[in-house]
1. Just give me the residues in region 188-205 being over 12 Å from Leu231 (Cβ atoms) and assigned to a helix (DSSP H, G or I), in sequence order.
2. Among residues belonging to region 117-162 that are polar (S, T, N, Q) and in a loop (DSSP other than H, G, I, E, B), point out the one that is surrounded by the fewest Cβ atoms within 10 Å (Cβ to Cβ).
3. Among the listed residues Val215, Val177, which satisfies the condition of being part of a helix (DSSP H, G or I), hydrophobic (A, V, I, L, M, F, W, C), outside the structural domain of Ile104 (by TED's automatic domain parsing) and touching a strand residue (DSSP E or B) at 6+ places or on another chain (Cβ under 8 Å)?
4. What pairs come up if the first residue lies in region 50-73 and is closer than 17 Å to Ile284 by Cβ, the second is part of a loop (DSSP other than H, G, I, E, B) and modelled with pLDDT of 95 or more, and their beta carbons are under 7 Å apart, counting only those six or more places apart or on different chains?
5. Does any residue in region 77-94 that is under 16 Å from Gly311 (Cβ atoms) and modelled with pLDDT of 95 or more come within less than 8 Å, Cβ to Cβ, of a residue that is in a loop (DSSP other than H, G, I, E, B) and among the aliphatic types (A, V, I, L, M) six or more places away or on a different chain, and which pairs are these?
6. Could you please give the count of residues in region 368-385 that are in a loop (DSSP other than H, G, I, E, B), within 22 Å of Gly48 (Cα to Cα) and not small (Gly, Ala, Ser)?
7. Exactly one of these conditions fails for Asn362: (1) out of contact with any Ser or Thr (no Cβ under 7 Å at 6 or more places or on another chain); (2) over 16 Å from Gln138 (Cβ atoms); (3) in contact (Cβ under 8 Å) with a residue 12 or more places away in the chain; (4) of a type outside the set (Gly, Ala, Ser). Give me its number.
8. Yes or no: region 254-262 includes at least one residue that is surrounded by fewer than 18 Cβ atoms within 10 Å (Cβ to Cβ) and either free of Cβ contacts under 8 Å to residues at least 60 places away in the same chain or among the aliphatic types (A, V, I, L, M) (or both).
Amino acid sequence: MKHLFRNAALAATAMALAASALAADLKVGLSVSLSGPNSSLGIPYVKGMQAALAYKGEIGGRKVQLIVLDDASDPTTAGRNARKLVDEDKVDVLMGTSGVPAAIAMAQVGKEGKTPMIGLTPIQLDPADNPWVMTVAQPTQLMVDAVVERMKRNGVKTVGYIGFTDAWGDLVYNALVKAAEPAGIKVLGNERYARADTSVTGQVLKLVAMRPDAVMTGGAGTPGALPFLALAERGFKGGVYGQHGLINPDFIRVAGAAGNGALMPTGPVIVAEQLPADYPTRKIALDFRAAFQKVNNAPSTDAFSAYSFDGWLVFADAAARVLSGTKAEPGTPEFRLALRDAIMSVKEVVGTHGVYNFKPGNLYGVDQRARVIVKLENGQWKLAP
């Protein structure tokens, strides 16, 4: 695993240096977790961005310089990275990162530096307070609503909850409570654990003692597998549900047989070849997979690399309109403001996860076309309509 971190970091550095040598006209600053507990999310983000560069490497005839920094899964470092990218590198747009707390830290810097930020993870901020940030991730409520609908269909009356102690755990729990009550489902317990924890046995024992019909998990990446392992060890026979933070190969690897049968929502890209032929995102999702395979010499098996690819598509659409419709030049405050406004007016940009429509006052740009339910069967995600 250390070799993977090192290789990803070296690839990102080489990519940035190569782009710099080309004297790029546009600058994108990407801060992600190439090390630490969120690296199973951050490394795919970089690989997805590499695929995006290969797919659309020029915008409006301008070259693009991508600068990649490692935040080591630490919100403070993420904020410091964003500060460097804005103040020293003068990037035109920020993108990142691999966890909600770190993304919030980056968004604050973007606001202070008047630099637009395209988030790659669900960010819960007041858009009236920070009009410089938006995200290509699905709203947590949109995804959890789909999970609760499936719980109701499966006859679940009570559900236990275990999730991270941070903002992501809060987002999933709050969305679960909001959706469960009108569905006639009672939420039992609210157990939490830190991303760096290595065991959740105590928390799971408390949940199992409440005898819920099912358990909902609010983790992400590799540490998101811990509740599945502990529930299997205790012989829990109810359904175990997750969310889109778990759609990556490291979760599958760590959870092993304990993850078999788990149901969770995800963007349609993860099962692109299983989608109906007329599904709006199917073609671009397959194009993404081809670009990813060509650049990374491996297939895309996660949902996170596609978020950075979609972020690039949104940025490219907005930047092209600014370059063709204004005299503002990249690297200037005027361009960053125009780019922010252009992102906030994106209309029907088809990505791998959904079809994007942004407007001022709204962090998110997707609708129900951006979610499907999948089931983990023997290490493979299967569409579960």
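The values are calculated or read from the model by the stated rules, or taken from the named source; none is laboratory data. Since the structure is predicted, the reported quantities are computational estimates derived from the model, not experimental observations. Positions of Cβ are generated from backbone atoms using ideal geometry, with glycine treated the same way; all protein chains shown enter the neighbour counts.
1. In the first step, residues of region 188-205 are kept if they are over 12 Å from Leu231 (Cβ atoms); the result is 188-190, 192-199, 202.
Scanning region 188-205 gives a single hit, Gly202.
2. Filtering region 117-162 for residues that are polar (S, T, N, Q) and in a loop (DSSP other than H, G, I, E, B), the one surrounded by the fewest Cβ atoms within 10 Å (Cβ to Cβ) comes out as Asn154.
3. Details: Val215 fails: part of a helix (DSSP H, G or I).
Result of the check over Val215, Val177: Val177.
4. none
5. Close Cβ pairs satisfying both conditions: Leu85/Val91.
6. The initial filter retains those residues of region 368-385 that are in a loop (DSSP other than H, G, I, E, B), namely 371, 378-379, 384-385.
Now restrict to residues that are within 22 Å of Gly48 (Cα to Cα): 371, 379.
Subsequent filtering for residues that are not small (Gly, Ala, Ser) retains 371.
Result for region 368-385: 1.
7. (2)
8. Taking region 254-262 first, the residues surrounded by fewer than 18 Cβ atoms within 10 Å (Cβ to Cβ) are 256-257, 260-261.
Right, trim to either free of Cβ contacts under 8 Å to residues at least 60 places away in the same chain or among the aliphatic types (A, V, I, L, M) (or both) and you get 256-257.
Yes, some residue in region 254-262 is surrounded by fewer than 18 Cβ atoms within 10 Å (Cβ to Cβ) and either free of Cβ contacts under 8 Å to residues at least 60 places away in the same chain or among the aliphatic types (A, V, I, L, M) (or both).
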